[in-house]
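One structure below.
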Amino acid sequence: MLLFAALSPLLYGCGQPAKTVDVDNVETVELTESNSDAEIIPIRCGVPMDEILRGICYDDYIFLMGMSRNTIYCVQEDTVISILEASGRGHGEYSSINDYTYSKDEHILFVCADGKLLKYSVPEMAFLESFDLPITPSGMSVLNSKEILMNCSFMEENGKDAYRGICVVSSQTGEVIKRCYDFDYINKKMMMQCDLTTVPGGFVFPLNSLTGNSILHYDLESESVEELFAFCFNSNWRVPRRLVKLSKGDVMLYTMEDNKETKHLEGGHYPNLIDSGLSFWCFPRENGKARPVAVIVKDGNVSCRSYVVSGTDFHPSPYFIHKGYCVDIVSPADLETADALSPLGSELKRIVGGQAFDNPVFFYFKVE
């Protein structure tokens, strides 16, 4: 009840109009040593690390996947304690990792790859078992010792109808146990990889469509999904109407046209509940470069902020959320341009520059 009371002011999706997120009206906030509540943590590793593509965080471990999609680093506090490198075609191996999640009760890392669900012990990363998946997941999180929440797509038994939505899948067999939330196969897309955040009693994650976006909440007790916050972007960043029309016809043509577009957004990344409000991120592209924008929803108001470490051109954005902090993963390339460095910028550059093998560091900061 306390959680529902905290969430209820955000339930704009329940009969109320969607809010407009104006990403042309963004406040730039300079992070300094006095206002950032920032923490810089070097990642200790005895070997060169691959560039990090994504990360997920739990109470005991952080798991980082390399850009090559065949390496996962298991980090405890600030140290890589083991590495999963099982690229291959043999027993317990894979060609490319699609997604992964972790069971903190069983200490098992689940890896989706090559149409299989593979299980490895943590922290040893010893292969345990695998089985075929009848679905294609793009985002998952362990619910309990027997179930995994997945963003699924698959063909129905008749071989004609496609299903796309959120399902509960058996972690013992890979079978779909329950369908929790269906959405339009073409017009809507679930963004759950990297974007699923644990909150008391459940998870929050984004869903975006051609005409609007929303943040969803999965409630563990009721095993149901509700719309927490509905929004759309201001007109400069919405999907063009011609693409909306195309999507109802030729899907391939829509995809080709969509790939030509550079100025419309898919929004709602890395959602997080903050006090009695909500934050999430979007990444408008300007001159071919993404600009991280934090969207803060509080007391019915929507504001946009872009953060920068004072004295640099480094705009942090999260790879994952940890205990209310946004956590970026910073490498030397992120700090190539720097003018009059602030104390925080100097410290960040010093620590990043001192890393063996140019390995990255964690940069923790808060969105207030």
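Only residues that are surrounded by fewer than 18 Cβ atoms within 10 Å (Cβ to Cβ) and in a strand (DSSP E or B) were counted in segment 41-81, giving 7. Within segment 253-301, the set of residues being under 22 Å from PHE203 (Cα atoms), crowded, with 17+ Cβ neighbours inside 10 Å and among the hydroxyl-bearing types (Ser, Thr, Tyr) comprises TYR270, SER279. Could you check ASP250 against (1) at pLDDT below 75; (2) among the acidic types (Asp, Glu); (3) surrounded by 13 or more Cβ atoms within 10 Å (Cβ to Cβ) and say which number it fails? Of (1) at pLDDT below 75; (2) among the acidic types (Asp, Glu); (3) surrounded by 13 or more Cβ atoms within 10 Å (Cβ to Cβ), only one is false for ASP250: (3).
The rows are residues; the columns are (1) crowded, with 16+ Cβ neighbours inside 10 Å; (2) farther than 30 Å from VAL302 by Cα; (3) hydroxyl-bearing (Ser, Thr, Tyr).
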{"residue": "PHE320", "(1), (2), (3)": "yes, no, no"}
{"residue": "VAL327", "(1), (2), (3)": "yes, no, no"}
{"residue": "ASP334", "(1), (2), (3)": "yes, no, no"}
{"residue": "PRO343", "(1), (2), (3)": "no, yes, no"}
{"residue": "GLU347", "(1), (2), (3)": "no, yes, no"}
{"residue": "ALA356", "(1), (2), (3)": "no, yes, no"}
{"residue": "ASN359", "(1), (2), (3)": "yes, yes, no"}
{"residue": "TYR364", "(1), (2), (3)": "yes, no, yes"}
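Scanning segment 349-359 for residues that are more than 14 Å from GLU39 (Cα to Cα) and either in contact (Cβ under 8 Å) with a residue 60 or more places away in the chain or of a type in the set (Ser, Thr, Tyr) (or both) gives GLY354, GLN355, ALA356, PHE357, ASP358, ASN359. Inspect segment 30-40 for any residue being surrounded by fewer than 16 Cβ atoms within 10 Å (Cβ to Cβ) and either of a type in the set (Val, Ile, Thr) or at pLDDT 95 or above (or both) and give the result as yes or no. Yes, segment 30-40 has at least one match. Of note, ASP78 does not satisfy the criterion of being in contact with a strand residue (DSSP E or B) (Cβ under 7 Å, 6 or more places away or on another chain) and more than 27 Å from VAL199 (Cα to Cα). Only residues that are closer than 25 Å to SER153 by Cα and modelled with pLDDT of 95 or more were counted in segment 72-92, giving 1. Could you list, in sequence order, the residues of segment 195-244 that are closer than 18 Å to VAL297 by Cβ and among the acidic types (Asp, Glu)? Answer for segment 195-244, where residues must be closer than 18 Å to VAL297 by Cβ and among the acidic types (Asp, Glu): ASP195, GLU226, GLU227.
For beta carbons closer than 6 Å, sequence separation of 6+ or different chains, a first residue in segment 189-206 that is within 10 Å of TYR218 (Cα to Cα) and a second that is modelled with pLDDT under 80 and surrounded by fewer than 19 Cβ atoms within 10 Å (Cβ to Cβ), the qualifying pairs are GLY201/LEU3. If you filter segment 302-314 down to residues that are closer than 25 Å to LEU64 by Cβ and crowded, with 19+ Cβ neighbours inside 10 Å, you find that the one that is farthest from the chain's Cα centre (by Cα) is THR312.
The values are calculated or read from the model by the stated rules, or taken from the named source; none is laboratory data. From a predicted model like this one, the values you see are computed outputs, not experimental measurements. A quick note on method: Cβ atoms are made from the backbone with ideal geometry, for glycine too, and the neighbour counts reach across all protein chains shown.
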